[in-house]
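The values are calculated or read from the model by the stated rules, or taken from the named source; none is laboratory data. Here the structure is a predicted model, which is why all the values come from computation and not from measurement. Counting neighbours? That spans all protein chains shown, and the Cβs are built from the backbone with ideal geometry, glycine included. For the accessible areas, the whole protein counts, side chains as well, though only heavy atoms, and no ligand, DNA or RNA atoms are used. Shrake-Rupley method; radii C 1.70, N 1.55, O 1.52, S 1.80 Å.
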Amino acid sequence: DAGVIQSPRHEVTEMGQEVTLRCKPISGHNSLFWYRQTMMRGLELLIYFNNNVPIDDSGMPEDRFSAKMPNASFSTLKIQPSEPRDSAVYFCASSLVDRPNQPQHFGDGTRLSIL
Amino acid sequence: KQEVTQIPAALSVPEGENLVLNCSFTDSAIYNLQWFRQDPGKGLTSLLLIQSSQREQTSGRLNASLDKSSGRSTLYIAASQPGDSATYLCAVNWGSNYKLTFGKGTLLTVNP
């Protein structure tokens, strides 16, 4: 199994630019999660999809952030316009939540730096 | 408010030592608890998941225990090795079957 695949691994861009992060979940998993990790706040859930439908986006910090899952094998997290305080590591994870007590599997993350 | 705390933030031990990492949580009505390992520049690797009805889980040199009444979990690592050096994170699922609340982690360094 290839695991959760995220791209790009690193992104450096200037304030105001649009940023798109990509994620391919593990085949067969029906749930996908986007997290953000910072030194100050640790790991925070941004949004959760089940069967490609957004179920909980209460962690999305503001309207500049949006996420889509057009099919079971692809999701994007977009920031427009980006700001320096968005600098963080963004993780995607997938799981099979229809079965109880299934662990979440994480990708290697995208390290985002907004200058 | 449901919170997860991990103390200490960092721990350094000599190789071969047995060690315990601590995790505490504020609400005992958990669904399950997971321990993860994070290597520098990498994502999280799930180590052990303890269901609410369980008291402990074991995998190789790792043993995780759960005491819901006291709001605590421990991760025991036997005969530590330099390759165990990483950040260890505890995450609690409070009944939603998906939403994990993470502690800030303990950075473990095992010195050869």
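Computed FRET efficiency, Cβ-Cβ of B:Asn18 and A:Ser58, R0 41 Å: what is it to the nearest 0.05?
With a Förster radius of 41 Å, E is 0.50.
If I ignore ligands, DNA and RNA and count only protein heavy atoms, how much of A:Tyr48 is accessible to a 1.4 Å probe, in Å² to the nearest 10?
A:Tyr48 has an accessible surface of roughly 10 Å² with all protein chains in place.
Please give the solvent-accessible surface of A:Glu18 in Å², to the nearest 10, using a probe radius of 1.4 Å with every protein chain present.
For A:Glu18, the solvent-accessible surface is approximately 100 Å².
May I ask which residue of A:Thr76, A:Asn101, A:Asn52 lies farthest towards the positive end of the charge dipole of the stretch A:12-115, with charges of +1 (Lys, Arg) and -1 (Asp, Glu) on Cβ and the Cα centre as origin?
A:Asn101
Students often forget the sequence filter, so: which lysines lie under 21 Å Cα-Cα from A:Lys24 once same-chain residues fewer than 8 apart are removed?
Counting by Cα, and skipping residues close in sequence, A:Lys24 has these lysines nearby: A:Lys68, A:Lys78, B:Lys42, B:Lys99.
Please state the relative contact order of chain A as a whole percent: Cα pairs under 8 Å, 6+ residues apart?
37
Taking the solvent-accessible surface of protein heavy atoms with a 1.4 Å probe, what is the per residue accessible area of the stretch B:15-109 in Å²?
Value for the stretch B:15-109: 42 Å² per residue.
Report the longest stretch of chain A that contains none of the trypsin sites (Lys or Arg not before Pro) sitting in a DSSP loop with at most 13 other Cβ atoms within 10 Å.
Numbers: sites that count: A:Arg9, A:Arg41.
Looking at chain A, A:42-115 is the longest stretch - no exposed trypsin sites (Lys or Arg not before Pro) with at most 13 other Cβ atoms within 10 Å.
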